[in-house]
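Here is the structure we will look at.
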Amino acid sequence: MLNATYEPINVTAVRRAMVLMLKGVAQAEELHSAEVHSAAHSHRVPSVIRLIAYRHIPQQSRALSRKNILLRDRNTCQFCGRVFPSSELTLDHVVPRSRGGRSTWENLVACCYRCNNSKGDRTPEEAGFKLARRPRPFTLHTRGSLCGSSGIVTNVGVSTFSTKHFGKFTIRSENFYGRRKPFWLPCI
């Protein structure tokens, strides 16, 4: 579901999307090939709906987890810049915990085992490393953090997704009816 300004709000069930459309609260931006039938009518199922009136949505953040750190950093070691499978990456505290570094979005980065062992219990400057990107919180509204220079989201390294573009945003999902829910990535 998109806001009136094409900002992603959430993923909603087909039934709710149909009700919002029938009430005139939302309109379909893209339709799926599936249909819903009633006694008198047949309606195509919407893939993406957009609210007609703007609705204020508070800033949403993702849980701090290994999976989300690796997603934010695109499975790339933040010191050597090489891409690895998630099983070959570890999390590194930029400011080591022994020096008061905390486990926060701003202090955790994806790191390969080699760079992590080389860095040890030092800051990147002391170890002679430079961070590829400054770590920052990963929210639904993280602007351009996963986008390439072309503004098109590429494979994140977790799985292969289908990609659809809507205005300023890209929706990616494995399967419309699959278990994994689609998620939105802003590309601005």
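Bear in mind that the values in this text are calculations on the coordinates, not laboratory data. Note that the structure is predicted; figures quoted are calculated from it, not measured. Note: ideal-geometry Cβ built from the backbone for every residue, glycine included; neighbour counts use all protein chains shown.
Numerical summary
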{"quantity": "Net charge of Cβ neighbours under 15 Å - reference residue 94; Lys, Arg +1; Asp, Glu -1", "calculated": "+4"}
{"quantity": "Ranked packing of 117-130, 65-78, 27-40, most packed first, by mean Cβ within 10 Å", "calculated": "65-78, 117-130, 27-40"}
{"quantity": "Anisotropy class of the range 66-127 from Cα gyration tensor, a/c 1.5 cut", "calculated": "oblate"}
{"quantity": "Between the range 1-65 and the range 104-121, the Cα center-to-center distance that results, in Å", "calculated": "40"}
{"quantity": "Likely footprinting exposure, 88, 7, fewest C-beta neighbours within 10 Å first", "calculated": "88, 7"}
{"quantity": "Sparsely packed chymotrypsin sites (Phe, Trp or Tyr not before Pro) within the range 19-108, loop by DSSP, other Cβ within 10 Å at most 16", "calculated": "54"}
{"quantity": "Net charge of neighbours whose Cβ lies under 11 Å from the Cβ of residue 81, counting Lys and Arg as +1 and Asp and Glu as -1", "calculated": "+3"}
{"quantity": "Surrounding net charge for residue 21, when Lys and Arg each add one and Asp and Glu each subtract one, Cβ distance under 12 Å", "calculated": "+4"}
